[in-house]
Structures are given as structure tokens and as C-alpha cells.
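The values are calculated or read from the model by the stated rules, or taken from the named source; none is laboratory data. What you see is a predicted model, and the numbers here were worked out from it, not measured in a lab. All Cβ positions, even for glycine, are placed from backbone atoms using ideal geometry, and neighbour counts span all protein chains on display. Side chains are part of the model used for accessible areas, which takes the heavy atoms of the whole protein and leaves out ligands, DNA and RNA. Shrake-Rupley method; radii C 1.70, N 1.55, O 1.52, S 1.80 Å.
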Amino acid sequence: SRLTNPADNPPKDREILSRGWGPSQYPTMLGLGFYGGFMQLGIGFLFIFTLRHLLTKNLAHVNAYKTLIIAVYTLPATLIFAWMGQIHWGSA
């Protein structure tokens, strides 16, 4: 079955679109990015939950996407906080 092994029954393109990935999901991902840039608290779980429901990938692929997305927004967020003087480098 698809729940135990998604590779056994790959979805059709129409099924991927019917799972909700569309223009309305971009604000969701943007909101998660802003939340993750400021808080970082629990963002991995939120991304896994969101991506798992939006993509028809297995959990290992979803985790890889999550890690990439978090790395992409963490570097600019860190640079902004450093530029604003809000990182105490001595205690880090």
C-alpha cells in the first residue's frame, strides 16, 4: 500500500495537484520561513508536517527538503541578526 511504501504506487500529476500544492500554499511556506527565521523553536516539525502533506515523497526525502530549506533561511537570518548587533559572540 502507499502508506507503507509510497514507491510501490507513484501518484499521478493530477493527484499531486489535488493534494493542495498551489498558489495558496506559498503564503504558508513564507510564514513558516519567517517564523523559523525569528524563533527556530519546533520549525523542523512544522516543516515536516507541512511538506509531508504537500509532497508525495517519503519521510527521508521530506527531511532532506526540510534541512535544505532551513539552511537556506538560517544563514541570511543569522547575518541580519549579526548586522543588527543582536548576537552576543562572547557568550556563544
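If you check PHE45 against the conditions, is it of a type outside the set (Ser, Thr, Tyr), at pLDDT 85 or above, out of contact with any Leu (no Cβ under 6 Å at 6 or more places or on another chain) and surrounded by 11 or more Cβ atoms within 10 Å (Cβ to Cβ)?
Spelling it out, it is not the case that PHE45 is of a type outside the set (Ser, Thr, Tyr), at pLDDT 85 or above, out of contact with any Leu (no Cβ under 6 Å at 6 or more places or on another chain) and surrounded by 11 or more Cβ atoms within 10 Å (Cβ to Cβ).
Within the group GLN25, GLN40, which residue is at positive phi and at pLDDT below 85?
From the options GLN25, GLN40, the qualifying one is GLN40.
Which pairs do you get when a residue that is over 17 Å from ARG52 (Cα atoms), found in the range 23-36, comes within reach of a residue that is at pLDDT below 85, reach meaning Cβ atoms under 7 angstrom, with the pair 6+ apart or on two chains?
These pairs meet every condition: GLY36/TYR73.
Looking at (1) among the hydroxyl-bearing types (Ser, Thr, Tyr); (2) in a helix (DSSP H, G or I); (3) at pLDDT below 85, which one does THR67 not meet, given that it meets all the others?
Against the list (1) among the hydroxyl-bearing types (Ser, Thr, Tyr); (2) in a helix (DSSP H, G or I); (3) at pLDDT below 85, THR67 comes up short only on (3).
Quickly run through the range 51-64 and pick out the residues that are in contact with a helix residue (DSSP H, G or I) (Cβ under 9 Å, 6 or more places away or on another chain), in contact (Cβ under 8 Å) with a residue 24 or more places away in the chain and assigned to a helix (DSSP H, G or I).
LEU54
Which one is nearest to MET39 (Cα to Cα) among residues in the range 49-92 that are open to solvent by 80 Å² or more (accessible area, probe 1.4 Å) and small (Gly, Ala, Ser)?
Among those that are open to solvent by 80 Å² or more (accessible area, probe 1.4 Å) and small (Gly, Ala, Ser), it is ALA92.
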